[in-house]
Amino acid sequence: MKKTVAAALTAAAILGANGTSFAAANPFSDVPAGHWAYNSVAKLAAVGVVEGYGDGTYLGDRNITRYEMAQMIAKAMAKNPQGISKAELDRLVAEFRDELEALGVRVDNLEKYADKVTWHGKIEYTYHQFKQDPFNTGEKAKTTSNGYIFRLDPQAEINDHWTANARLDGEGDMSSDETTDVTLVRAWAEGNYDNFNIKLGKFEFYPENEAGLIWDTEISGAQLTFGNKWKFSVTGGRLEKDELQGAVNGMTVYDVTDAFSLTAPDIDTDPSTVVGLRIDYDETDKGFYGGAGWYYVKDDDFAWTKRSFVNQYYGGVFADDDEAKSAMKRYNKANLWTANLGYKFNEKAKLQGGYVKNTKADIENASWQAEFIYGDYDDASKKGQWSVWTGYRQFGSNATLVGTTEDDAMLGTRGWVIGAAWAPFKNIGVIAKYFNGRYITEGFDDKTGKAQKLFGRVEFFF
């Protein structure tokens, strides 16, 4: 099948040819300014898609071959033109696939321009079984929960360096057969350059080398990261209201007062302010990796991390709520210092640990963890992936502020964890974890209560 110079006009449309922007650049003597194809050919020539012939002419009235048309498409895509027409490009890439591959052009690379939005996600089913007794009363306090999450992670290409990203979650409770609406959990723009990354919006807050010791949540704000093996990052923003509260044994002050029929305090519902600085190093394949960081957090509910304030509140020292709120302003800050270190023995085996201290709190103000991991399970992208691990965790309620506490060790506890993950089929993973420990803070008889947890999950990636 033959194509005329109209095919060049199609390629020009893909490139976003307009008016007379490139009229002066037209090198073809046989295409006068009044010719119907003048502006389009000039545009293509300006960006090097159409080169003409040795005598300086472009024989616009002759038929061009499919091979020549494929050359135009390949050159246009190599220049990553702006204002691309998705529908036209889909059709052209499909039509000229054989010719493009004959030219040595990977159609996979071209199709990234044709489909500007990619969709990923997963469905996960999770089971929890808790055995907990925070105050060592001797009660079993066994509870179970099971539910599922449907998650979508769309990503849209903006240009060579920038993408628009989001995450949407819908949840369901298997025991009550109740579901939630799909909610927008994250939405951010991200720019990636050789040694620089920037995130703007509401994005994941999970410093990799901390492994969930302090943060495993979302933050609304900005994050700048510089470097390659050595990375320096600055994060600033806000956490959702009610995300942070002073706590003991994993229970907020509101939970504690409710459990013992005390007067409930006035809990602050404003968003929390967070500023963080980090430095991280990663050798990637083998050797040491780790990092250190500092986080400043401001939230009035941190007053409940100070024993003096708690004693004054329940001792009736404050005349009224206004006086109590005024006192809260003196204790509404957290300073968290953290250090993390790990060693990769090979591609499958690594030993890692971390420590964090909240220097502004005097109730459950420290957390640490150490674990050994062996295996290659990541996201079940290959059938047969597997991993096993064991470790010890201590999650102080006012140091692990919003960490990874849903999987094994609970907030306000310390103890041993073991776990395993396996991909029986591609994109399907099975995870099991068990935690056995005690609560950090002593109960009424100067002893700590027991805590156990069984966790299971099946996840389907797409």
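The values are calculated or read from the model by the stated rules, or taken from the named source; none is laboratory data. The model shown is predicted, which means the values in this text are computed figures rather than measured ones. All Cβ positions, even for glycine, are placed from backbone atoms using ideal geometry, and neighbour counts span all protein chains on display. For accessibility, only protein heavy atoms count, side chains too; no ligands or nucleic acids. Shrake-Rupley method; radii C 1.70, N 1.55, O 1.52, S 1.80 Å.
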Quick one: how many residues across the stretch 249-283 are modelled with pLDDT of 75 or more, open to solvent by less than 40 Å² (accessible area, probe 1.4 Å) and of a type in the set (A, V, I, L, M, F, W, C)? 1
Filtering the stretch 124-175 for residues that are of a type in the set (S, T, N, Q), touching a strand residue (DSSP E or B) at 6+ places or on another chain (Cβ under 9 Å) and more than 16 Å from THR413 (Cβ to Cβ) leaves a count of 8
Restricting attention to the stretch 439-455, which residues are surrounded by fewer than 18 Cβ atoms within 10 Å (Cβ to Cβ) and in contact with a strand residue (DSSP E or B) (Cβ under 7 Å, 6 or more places away or on another chain)? LEU454
So which residues in the stretch 158-180 are over 15 Å from TYR127 (Cα atoms) and of a type in the set (Ser, Thr, Tyr), if there are any at all? THR163, THR179, THR180
Does ALA211 satisfy being at pLDDT below 95, buried (at least 16 other Cβ atoms within 10 Å of the Cβ) and in contact with a Ser or Thr (Cβ under 8 Å, 6 or more places away or on another chain)? yes
So ALA421, is it aliphatic (A, V, I, L, M), closer than 26 Å to SER367 by Cα, modelled with pLDDT of 95 or more and not in a loop (DSSP other than H, G, I, E, B): yes
Which residue is farthest from LYS357 (Cα to Cα), if the candidates are limited to the stretch 392-416 and must be surrounded by fewer than 19 Cβ atoms within 10 Å (Cβ to Cβ) and at pLDDT 95 or above? TRP416
In the stretch 214-249, how many residues are closer than 24 Å to ALA409 by Cα and not charged (D, E, K, R)? 11
Matching residues, the stretch 352-367, being in contact with a helix residue (DSSP H, G or I) (Cβ under 7 Å, 6 or more places away or on another chain) and small (Gly, Ala, Ser): GLY354, ALA361
Report, ordered by the first and then the second residue, all pairs with beta carbons closer than 9 Å, sequence separation of six or more or different chains, a first member in the stretch 113-138 that is among the basic types (Lys, Arg) and open to solvent by 40 Å² or more (accessible area, probe 1.4 Å), and a second member that is at pLDDT below 85 and in a strand (DSSP E or B). LYS131/LYS142; LYS131/THR143
Of the residues ALA324, ALA334, only one is closer than 25 Å to ALA247 by Cβ, open to solvent by less than 50 Å² (accessible area, probe 1.4 Å) and over 29 Å from the mean Cα position of the chain (by Cα); which? ALA324
Among the residues of the stretch 214-256, which ones are in a strand (DSSP E or B) and among the aromatic types (Phe, Trp, Tyr)? TRP215, PHE226, TRP230, PHE232
Taking interchain pairs and intrachain pairs at least six residues apart, which have beta carbon atoms under 7 angstrom, with the first residue in the stretch 286-303 and open to solvent by 20 Å² or more (accessible area, probe 1.4 Å) and the second of a type outside the set (Ser, Thr, Tyr) and assigned to a loop (DSSP other than H, G, I, E, B)? LYS286/ASN346; LYS298/ASN332; ASP300/ASP268; ASP300/ASN332
Would you check which residues across the stretch 174-213 are in a loop (DSSP other than H, G, I, E, B) and more than 14 Å from the chain's Cα centre (by Cα) and list them? MET174, SER175, SER176, ASP177, THR180, ASP181, VAL182, ASP194, ASN195, LEU213
For GLU101, only one of the following conditions fails: (1) at pLDDT 85 or above; (2) more than 22 Å from the chain's Cα centre (by Cα). What is its number? (1)
Do the conditions hold for LYS329, that is, is it open to solvent by 30 Å² or more (accessible area, probe 1.4 Å), within 30 Å of TYR281 (Cβ to Cβ) and more than 24 Å from the chain's Cα centre (by Cα)? no
Of the listed residues (GLU190, GLU157), the one being open to solvent by less than 40 Å² (accessible area, probe 1.4 Å) and in contact with a Lys or Arg (Cβ under 6 Å, 6 or more places away or on another chain) is GLU190
Pick from the stretch 365-390 the residues that are within 16 Å of GLY342 (Cβ to Cβ) and small (Gly, Ala, Ser): which of them is most open to solvent (accessible area, probe 1.4 Å)? ALA370
